[in-house]
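Reviewing the structure listed below.
We did not get these values from a lab; they are worked out from the coordinates using the rules stated. None of the values given here were measured: they were computed from a predicted structure. Cβ sites come from the backbone with ideal geometry, for glycine too, and all protein chains shown count toward neighbours.
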Amino acid sequence: MAGTGGDVYFEFVVVGRQVKVTAIDAASGLEAVVLGPAATPQSDLQRLALRKLEMRRQREGKV
């Protein structure tokens with residue numbers, strides 16, 4: 001998926017009744033992780049992880 005700073009990969013791991021979503025910046029290797037209920041739509045968790053990654057990119061000057 002293309003974010004504002006390039007390609008982003010997503011990893012979804014079910015942990016009990018929750019899902020751990022990791023957004024990984026392909027160019028820099030920066031990661032952002034969010035957890036949410038397993039019943040939450042995948043697209044919502046993915047969007048949240050991407051926003052968190054974009055905030056981290058800005059904070060670390062990787063944009």
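Details
- Matching residues in region 35-44 - criterion: being assigned to a helix (DSSP H, G or I) and of a type in the set (Gly, Ala, Ser): 43
Every residue, every condition in (1) of a type in the set (Asp, Glu); (2) surrounded by 16 or more Cβ atoms within 10 Å (Cβ to Cβ); (3) not in a strand (DSSP E or B), yes or no:
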site: 23; (1), (2), (3): no, yes, no
site: 33; (1), (2), (3): no, no, no
site: 46; (1), (2), (3): no, yes, yes
site: 53; (1), (2), (3): no, yes, yes
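- For residue 14: the one exception among (1) exposed (fewer than 11 other Cβ atoms within 10 Å of the Cβ); (2) touching a Pro at 6+ places or on another chain (Cβ under 7 Å): (2)
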